[in-house]
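Below is one structure, written out as structure tokens, with a few remarks after it.
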Amino acid sequence: MLPIVNYISDPSRVLHHDYVMRYKKFHQHELVLKTIYVIEHKHDYDTLVFGSSRGGFMDMTKISKHTYNMSHGFGTVSTYLHTLETLLNSGVTVKSVWIGINDYDIWKDHTEELSRLVYHNNLLGDAKLYSHWLFRFIPESINIIKDNKALLETKEVTDQDARLKRSRTQEADVRKMNHRHLVAAKLGYTGKFRINESIEDIKKIKKLCDEHHIKLTTFFYPTYYKTYLFYDQSKIENFKRKLAQVTDFYDFYEIGPIALDQHNWFEGSHFVTSIGDYIIDSIHAHKRLVTKNNIEDRIRQTRTLLKNMPILADEDIYLLNENTKLDTSKLKTIFDIKDKHFTYSKNDQFTLTQKSGNLHANVELADPFFILDTTHASSKQAVLLINIESPKESLFQLYLKKHLRVPMQKEVVLNWHCIKETTILELFSLLHISIMH
């Protein structure tokens, strides 16, 4: 009975190849249905733009009137590769392909995630896709039949202008806001990378395009500054170096005006539609083009932007990983544990000695701690730099007290794991603390 129930209800609309109807509060399988739609309209489009949901905020009419937006949630170069193969094998005539690359392309691969299975347009290739939707217990299927839910018309796949109009209206509302609380989009970041695998996928995309005489345009999406600071930029630099050896690309990934302005972002991952316009206009004008000849200049440029990044007025506490250093030499020092002019108190569970310009802690018991003397900052933000070398895996806590004007205190506890390293482990290079009065 399960496949019958799932087929009749078909919450994703995949089993019916139905891209014009959906259930209220249920999402279509966007990637599969867009692929099916383009195959059924193979002579209507000659330019395809692949990307993640970030690409959904780009206006295809600014590229050409025969451009279709193939972007989908959590798209990666691996899903773009398999989808492009399907379209070409199905007789879709393509003259131009745009590929939007995400920062998370170097650690995520969604091709095997059931909710993002790609479409092959043949029964054998799609056996896994159909089996997933037919033989999996889907509570939504029961609810659809039980409540006799009606299908509603949707234009998400067939009319992309409708989504752009909503996005532009939402952007107008965002730009009216004086201050918004946006956080980094971690997106499952683990610090484990698949750079070489992603590069291989891009090589295959490039080969496909060359074999079919397709013009390939590759670009790197921008990201919000807190998200940028959260990721290990040395890994992304490595990815960019390898990418430049495969194909030229346009690079919008930096700590610049786009990343730093909160009004350019719906949240920590998706930029507003005018930024999508800027990306397209810049590519048309051949601005921000990176090649194997200028990749090192580009990396030096992004590093300079990072070092000169302003300290923004914000209420957040946010971290920078070990490879995202800012120049703090011009900032006033309010406390330095290695400077004899500053004092602190500690318990008797460890000793501290000066060795080669560093402090050596010999820990004897389980809970050593030291307390800094009261410090005062003349601004609303303080910068804290800590380098730690630990021979064993351990954990330390940092307690921060914010003294407010009202007779109360708030205490913030931050935990970090110290992982055993043979060289200095910069657990975090920078901590911005906003003290709101």
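The values are calculated or read from the model by the stated rules, or taken from the named source; none is laboratory data. Owing to the predicted nature of the structure, the values given are computational and were not obtained by experimental measurement. Reconstructed Cβ throughout: ideal geometry from the backbone, glycine too, with neighbour counts over all protein chains shown.
Determine if region 81-95 includes at least one residue that is within 21 Å of the chain's Cα centre (by Cα), within 30 Å of L243 (Cα to Cα) and touching a residue at least 12 places away in the same chain (Cβ under 8 Å).
Yes, some residue in region 81-95 is within 21 Å of the chain's Cα centre (by Cα), within 30 Å of L243 (Cα to Cα) and touching a residue at least 12 places away in the same chain (Cβ under 8 Å).
Among the residues of region 6-21, is any exposed (fewer than 14 other Cβ atoms within 10 Å of the Cβ), farther than 14 Å from I144 by Cα and either touching a strand residue (DSSP E or B) at 6+ places or on another chain (Cβ under 7 Å) or in the same structural domain as R136 (by TED's automatic domain parsing) (or both)?
yes
Please give the helices (runs of 4 or more DSSP H) falling wholly within region 185-246 in which 1 or more residues are within 17 Å of K292 (Cα to Cα) and under 15 Å from the mean Cα position of the chain (by Cα).
In region 185-246, 233-246 are the helices (runs of 4 or more DSSP H) which contain 1 or more residues that are within 17 Å of K292 (Cα to Cα) and under 15 Å from the mean Cα position of the chain (by Cα).
Checking the structure you have, find out if any residue of region 256-263 is touching an Asp or Glu at 6+ places or on another chain (Cβ under 7 Å) and farther than 18 Å from E296 by Cα. Spell out how you get there, then give the answer.
Within region 256-263, the subset touching an Asp or Glu at 6+ places or on another chain (Cβ under 7 Å) is none.
No: region 256-263 contains no residue that is touching an Asp or Glu at 6+ places or on another chain (Cβ under 7 Å) and farther than 18 Å from E296 by Cα.
For region 53-87, give me the residue count where each residue is of a type in the set (A, V, I, L, M, F, W, C) and within 23 Å of F266 (Cβ to Cβ).
Final tally of qualifying residues: 6.
How about region 200-216: which of its residues are under 18 Å from T67 (Cα atoms) and buried (at least 16 other Cβ atoms within 10 Å of the Cβ)?
Correct list: C209, I214, L216.
Here is a list: S90, S71, S64, S96. Which entry is of a type in the set (S, T, Y), surrounded by fewer than 15 Cβ atoms within 10 Å (Cβ to Cβ) and over 20 Å from F239 (Cα atoms)?
Values: S90 fails: surrounded by fewer than 15 Cβ atoms within 10 Å (Cβ to Cβ); S71 fails: surrounded by fewer than 15 Cβ atoms within 10 Å (Cβ to Cβ); S96 fails: surrounded by fewer than 15 Cβ atoms within 10 Å (Cβ to Cβ).
The conditions single out S64.
Test K34 against the stated conditions and say whether it is surrounded by fewer than 17 Cβ atoms within 10 Å (Cβ to Cβ), assigned by TED's automatic domain parsing to the domain that holds R163, closer than 25 Å to K203 by Cβ and modelled with pLDDT of 95 or more.
For K34, the condition - surrounded by fewer than 17 Cβ atoms within 10 Å (Cβ to Cβ), assigned by TED's automatic domain parsing to the domain that holds R163, closer than 25 Å to K203 by Cβ and modelled with pLDDT of 95 or more - is not met.
Would you pick out the residues in region 6-53 that are in a helix (DSSP H, G or I) and hydrophobic (A, V, I, L, M, F, W, C)?
Applying the first criterion (in a helix (DSSP H, G or I)) to region 6-53 yields 6-9, 30-40, 53.
Residues satisfying the conditions are I8, L31, V32, L33, I36, V38, I39.
Working only within region 290-316, note down all residues that are of a type in the set (A, V, I, L, M) and within 19 Å of D103 (Cβ to Cβ). Lay out the reasoning, then the answer.
Going residue by residue through region 290-316, those that are of a type in the set (A, V, I, L, M) are 290, 295, 299, 305-306, 309, 311-313.
Within region 290-316, V290, I295, I299, L305, L306, M309 meet the criteria.
Hey, among D316, D327, D261, D251, which residue is out of contact with any Cys (no Cβ under 6 Å at 6 or more places or on another chain), under 27 Å from S234 (Cα atoms), surrounded by 12 or more Cβ atoms within 10 Å (Cβ to Cβ) and at pLDDT below 85?
Values: D327 fails: surrounded by 12 or more Cβ atoms within 10 Å (Cβ to Cβ); D261 fails: at pLDDT below 85; D251 fails: at pLDDT below 85.
Being out of contact with any Cys (no Cβ under 6 Å at 6 or more places or on another chain), under 27 Å from S234 (Cα atoms), surrounded by 12 or more Cβ atoms within 10 Å (Cβ to Cβ) and at pLDDT below 85 holds for just one of D316, D327, D261, D251, which is D316.
On the basis of being surrounded by 15 or more Cβ atoms within 10 Å (Cβ to Cβ), part of a loop (DSSP other than H, G, I, E, B) and either in contact with a strand residue (DSSP E or B) (Cβ under 9 Å, 6 or more places away or on another chain) or charged (D, E, K, R) (or both), does E171 make the cut?
Taking the combined requirement at face value, the residue does not satisfy it.
Of the residues V406, V412, which single one is at pLDDT below 70, exposed (fewer than 14 other Cβ atoms within 10 Å of the Cβ), more than 30 Å from I255 (Cα to Cα) and not small (G, A, S)?
The match here is V406.
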